[in-house]
Amino acid sequence: MNYLIGGIIRTHQNLFRTLLLPSSLLLLVFLTRWQQGAAMPDSTPVVLISIDGMKPDYVIEADKHGLKIPNLRRLVREGAYAPGVRGVLPTVTYPSHTTMVTGVAPAKHGIVANTPFDHFNKNLGGWYWYAEDIKVPTLWDVVSKAGMVTSSVNWPVTVGANITYNLVQYWRAATPDDQKLVRALSSHGLMSEVEQALGPFPDGSDETVEGDRRRAPFNAYLIEKKKSRFHTAYFTGLDTTQHEHGPYSDQALATLEQIDDLVGQVRAAAERAGGGKAVVCVVSDHGFFRTDKELNLNAAFHEAGLIQLDESHKVQSWRAYAWNSGGSAAIMLKDARDEDSRKKTREVLTQLASDASNGVDKVLEKPEIMALGGFPDAAWVVGMKEGYKIGGSLEGPIAKSGTPGGTHGFLPENQAMESSFFLVGPGVQPGHNLGRIDMRDIAPTLAARLGLSLPLAEGHNVIP
């Protein structure tokens, strides 16, 4: 009898140890993920909000600019921030936004400009809308692979992206048919569902602050109703206003005050979804310069016989062409082995740069371009000085006065092109000045908040 009782006890002890082992392993996995940077359990939302063109000093020095932006100012008090984020080449929207979700430079992720190189205009003004052009894993990819829900509203380069609930950024003709395109390209049935609850979704071409205001509830809906673990939101109105009126204009400051309220709405939705806790990261893609002059590089190439036009004054043939990004341009050669074209193009660029009135800051050679991680196929990159932008004319004056306003796309070494980074949430030290960071740091930092990693990222997690 004693032998039988002892056997029963030993059997139950072994069973208990067997049942206990998985719990121990689960605890070990949880602690490991915590040590690797996962600030909270998997129910805590991580939300990335981009405000196109928001200069960091707008928030950090809000009093200096007379700005009433309580929600953005909370980010500085309650979390970590960078006084500036060094951007990519070129400092424009689509390459920057793709770097922010991949952690690599444009030459590596493949979105090297806002628009593909299209000297004959066959693409009819199309942009890099399609996620299949991204050559490396994104944050949406690694979060989805980990079995968690993702969502997005209007983020650049998301058509066909690996996002669970995706309202894409796309436009074509600014007609009602564009909405049919956006509906078809977004997650199946999603736009109809959300529009039934909230009303019409703005046109893809509506990049005003009013469009932002109408999109904000769509962000809140997806975060709360779909229980997103990682969500991306993009507001465009400030960029639109600064292009028209310039940075620091009264109109730009008024626009940012309106967007501040939208940031508050999205943050509140994330905290409701997370039971009072959420990781919220607010970024921008570039800064801004005021401009009132322009240099038409392609007009200079046409004058030098490097571009031929047809009777409609459109490009008929070309040997060198400037791929315009506002404050800079990539100079493309049709045949990189054509030494005569290379020689003549270099002569044109040297002549233009020698006249200070043209506004050329620098002409980057191939090794410098490669070091900056931009335009892998360009022969040169021309960077402009403050006040000057690259014009789009094929004929007429090479240098001329332009419409006063603002633009970006200048070389990333210009401090005025630096973008913003603010991060709040569990595990983030309040009021922590990170110093200047690199745009490639944003994706690995957010991956760490999610308990994940981006193995190909060139940046690093800036939050210990």
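For the range 426-464, give me each residue that is in contact with a helix residue (DSSP H, G or I) (Cβ under 7 Å, 6 or more places away or on another chain), within 11 Å of ALA80 (Cβ to Cβ) and of a type in the set (Gly, Ala, Ser).
GLY431, the sole residue that qualifies.
Which ranges mark the strands (runs of 3 or more DSSP E) fully within the range 358-418 that have 3 or more residues being surrounded by 22 or more Cβ atoms within 10 Å (Cβ to Cβ) and out of contact with any Gly (no Cβ under 6 Å at 6 or more places or on another chain)?
Correct list: 380-384.
Check ALA448 against each of (1) closer than 19 Å to PRO106 by Cβ; (2) out of contact with any strand residue (DSSP E or B) (no Cβ under 9 Å at 6 or more places or on another chain) and name the one condition it does not meet.
With (1) closer than 19 Å to PRO106 by Cβ; (2) out of contact with any strand residue (DSSP E or B) (no Cβ under 9 Å at 6 or more places or on another chain) applied to ALA448, the lone miss is (1).
Only one of GLY435, GLY459 is touching a strand residue (DSSP E or B) at 6+ places or on another chain (Cβ under 6 Å), among the small types (Gly, Ala, Ser) and part of a loop (DSSP other than H, G, I, E, B). Can you tell me which?
Step by step, each of GLY435, GLY459 is checked, and only GLY459 is touching a strand residue (DSSP E or B) at 6+ places or on another chain (Cβ under 6 Å), among the small types (Gly, Ala, Ser) and part of a loop (DSSP other than H, G, I, E, B).
Please go through the range 408-440 and give me each residue that is under 18 Å from the mean Cα position of the chain (by Cα) and over 30 Å from TYR388 (Cβ atoms), ordered by number.
Scanning the range 408-440 gives PHE422, LEU423.
Consider TYR81 carefully, then state whether it is within 30 Å of ALA299 (Cβ to Cβ) and modelled with pLDDT of 95 or more.
No; evaluated as a whole, the condition is false for this residue.
Out of GLY87, GLY103, which single residue is modelled with pLDDT of 50 or more, touching a Pro at 6+ places or on another chain (Cβ under 6 Å) and at positive phi?
Step by step, each of GLY87, GLY103 is checked, and only GLY103 is modelled with pLDDT of 50 or more, touching a Pro at 6+ places or on another chain (Cβ under 6 Å) and at positive phi.
Taking VAL168, is it buried (at least 19 other Cβ atoms within 10 Å of the Cβ), out of contact with any Pro (no Cβ under 6 Å at 6 or more places or on another chain) and farther than 18 Å from ILE49 by Cα?
Against the criterion (buried (at least 19 other Cβ atoms within 10 Å of the Cβ), out of contact with any Pro (no Cβ under 6 Å at 6 or more places or on another chain) and farther than 18 Å from ILE49 by Cα), VAL168 does not qualify.
Is at least one residue of the range 137-146 closer than 30 Å to ALA379 by Cα and assigned to a loop (DSSP other than H, G, I, E, B)?
Yes.
Considering each of VAL382, VAL360 in turn, give the residue that is in contact with a Lys or Arg (Cβ under 8 Å, 6 or more places away or on another chain) and more than 23 Å from TYR94 (Cα to Cα).
VAL360
List pairs: first residue in the range 436-463 and more than 24 Å from TYR94 (Cβ to Cβ), second residue among the hydroxyl-bearing types (Ser, Thr, Tyr) anywhere in the structure, Cβ distance under 6 angstrom, at least six positions apart or on different chains.
Matching pairs, first to second residue: ASN461/THR445; ILE463/THR445.
Quick one: what pairs do we get from the range 52-63, first residue without any contact (Cβ under 8 Å) to a residue 40 or more places away in the chain and aliphatic (A, V, I, L, M), second part of a helix (DSSP H, G or I) and surrounded by fewer than 20 Cβ atoms within 10 Å (Cβ to Cβ), C-beta under 6 Å, 6+ apart or different chains?
ALA62/ARG73
Would you point out which residue out of VAL101, VAL76, VAL85 is touching a residue at least 40 places away in the same chain (Cβ under 8 Å), closer than 30 Å to GLN265 by Cα, more than 18 Å from the chain's Cα centre (by Cα) and not in a loop (DSSP other than H, G, I, E, B)?
VAL76
The values are calculated or read from the model by the stated rules, or taken from the named source; none is laboratory data. Only a predicted model underlies this, so the values are computations on that prediction, with no experimental measurement involved. Glycine also receives a Cβ, built like all others from the backbone with ideal geometry; neighbour counts cover every protein chain displayed.
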